[in-house]
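Here the structure is laid out as structure tokens; the discussion comes afterwards.
The values are calculated or read from the model by the stated rules, or taken from the named source; none is laboratory data. Only a predicted model underlies this, so the values are computations on that prediction, with no experimental measurement involved. Cβ placement follows ideal geometry from the backbone for every residue including glycine, while neighbour counts extend to all protein chains displayed. Just so you know, the surface numbers come from the protein's heavy atoms only, side chains and all, with ligands and any DNA or RNA stripped out. Shrake-Rupley method; radii C 1.70, N 1.55, O 1.52, S 1.80 Å.
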Amino acid sequence: MENFEYDVQASRVIFGTGKRKKVLDELQNLGKKRALVISTPGREKLALEVKNLLGDCCAGIHAKAIQHVPIETVRESLKLVEDQGVDSLIAIGGGSSIGLAKAISLQTSLPILAIPTTYAGSEMTSVWGITENGQKTTGKNVIVKPKTVIYDPELTFTLSPHITVTSGMNAIAHCVEGLYAENANPIISLMAEEGIRSLFKSLPIILADPNDSDARSQALYGCWLGSTVLGAVGMALHHKLCHVLGGSYNLPHAETHTIILPYAIWYNANHVPEAIKIMARAFGCDEKDTAGALFEFTTSLGVRTSLAEIGMKEKDLDDAARLASKNPYYNPRPVDEQSIRQLLELAYKGTRPQQEVMNRQ
Ligand code: NAD
């Protein structure tokens with residue numbers, strides 16, 4: 001057993017079908033009685049349901065969250081918080097709603113109760129982000145980590161099959177990189193393995209029947225585990241590549257994660273034998289073919305599997321390799337421009353990764 005440190009800020013988690021109805025009890029558990037309900041414009045109906053459940057404990061609905069948390073929205077929200085005497089924030093929705101609540105909490109220290117409705121996984125982390133003049137600044141602060149999270153699988157039934165799969169793959173990516181994180185530890189690795197297994201099992205079932213209640217629960221459970229992993233340990237090459245490709249070439253977030261993950265595993269495979277063993281167990285495949293097995297899994301789910309298909313230009317691959325190897329995150333296999341260029345070439349074409357190919361390098 002290797003030495004490790006385990007440092008996780010506790011959150012209270014309530015999981016189960018219909019559990020959003022506990023929102024008032026949970027707000028009172030936090031000792032609060034005047035919550036602002038935050039959502040994106042698209043989830044306003046849900047915000048209204050929460051408002052009705054809260055009765056007099058609701059200070060109002062703020063359905064103005066948008067992607068990447070623009071500073072203007074944060075300023076407007078802070079004014080509302082002050083004017084309405086708000087003592088707590090309830091974020092219902094995906095990463096954008098939770099992101100706005102975090103930005104408000106960063107300034108006010110107000111506690112957040114999150115009710116996630118997507119698989120993005122912001123709810124279990126202390127990472128915040130705010131965009132000003134087109135530049136997104138991110139940081140970590142335990143203040144912004146939601147104190148209570150209610151996972152109600154019923155709220156995810158409306159996620160389209162395509163978003164379910166790609167966003168579910170994003171959650172698998174949190175688990176995979178958690179297995180070989182610089183600060184990996186045995187508890188988080190248990191969660192990561194269970195998260196991968198849950199998502200591997202549930203995503204194909206949801207694709208066949210988006211209203212399968214058991215599979216929706218299992219997928220959300222896997223995403224909770226993925227979010228916990230993301231909040232507890234550092235990420236590596238896969239996340240760096242996705243940030244570069246999303247930030248510099250405007251590629252779609254969840255689909256980029258879906259496409260890159262098999263190649264990130266391929267790249268690291270020989271340097272992380274223990275993590276590969278766990279992945280193989282969770283994927284149900286041969287240890288020598290974890291990357292290939294994941295590639296086949298995504299192919300079987302009918303999503304796009306090459307960067308070319310989602311708009312990457314071949315002429316940008318050299319530049320992307322340079323950007324991704326500059327200031328790299330920790331990664332178990334050293335990162336160099338030439339090897340990353342090779343990875344990107346495979347991902348661009350959507351070539352099935354073969355672990356033996358890498359072994360010969
Ligand atoms: P989002 O919150 O913008 O939601 C995407 C769209 O889906 C919105 O229009 C929303 O109204 C809609 N939606 C939400 N729930 C739905 C449902 N159940 N059914 C149908 N439609 C639904 O996006 P997201 O993908 O949830 O989150 C992405 C954002 O989260 C990014 O900005 C990313 O940077 C951030 N993020 C942050 C962290 C962190 O730790 N801080 C972690 C992961 C993601």
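Tabulated results
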quantity	calculated
Computed FRET value (nearest 0.05) for K45 with I143, which takes r as the C-beta separation and R₀ as 30 Å	0.50
Calculated SAXS-style log₁₀ I(q)/I(0) at q = 0.20, 0.26 Å⁻¹ - the stretch 63-134, Debye, Cα scatterers	-0.77, -1.28
For the stretch 246-294, projected area of the alpha-carbon convex hull averaged over all directions, nm²	3.7
Kyte-Doolittle mean at least -1.0, axial Cα span of 30 Å or more - DSSP H helices of the chain	186-208
Accessible area of R352 in the full protein assembly, 1.4 Å probe (Å², nearest 10)	60
DSSP-defined antiparallel bridges as percent of all bridges, the chain, nearest 5	25
Carbon + sulfur, % of accessible area of the stretch 1-100 - ligands and nucleic acids excluded, 1.4 Å	47
Theoretical ellipticity at 222 nm over the chain - DSSP helices of four or more residues, -39500 (n - 2.57) apiece, nearest 500	-16500 deg cm²/dmol
Proximal lysines to K45, defined as alpha-carbon separation beneath 18 angstrom and excluding residues fewer than eight positions away on the same chain	K19, K21, K22, K64
Residue range of the chain that is longest and free of chymotrypsin sites (Phe, Trp or Tyr not before Pro) which are both DSSP loop and sparsely packed (at most 15 other C-beta within 10 Å)	158-329
Calculated over the stretch 284-327: convex hull of Cα atoms, volume per residue (Å³)	113
Set of lysines with alpha-carbon distance to K349 below 16 Å, sequence-local pairs under 8 removed	K313, K315
Max mean-square fluctuation residue, GNM over the chain, Cα-Cα springs under 10 Å, options G292, G246, G31	G31
Kirkwood-Stokes translational diffusion coefficient of the stretch 1-120, alpha-carbon pairs, 10 °C, 1.306 mPa s, µm²/s	108
Overall dimensions of the chain by Cα: Rg and Dmax, Å	20.3, 67
Additional length obtainable on full extension of the chain from D209 to V8, 0.36 nm per residue less Cα span	68.8 nm
Estimated inter-spin distance, E337 and Q107, nm [label 7 Å along Cα→Cβ]	4.2
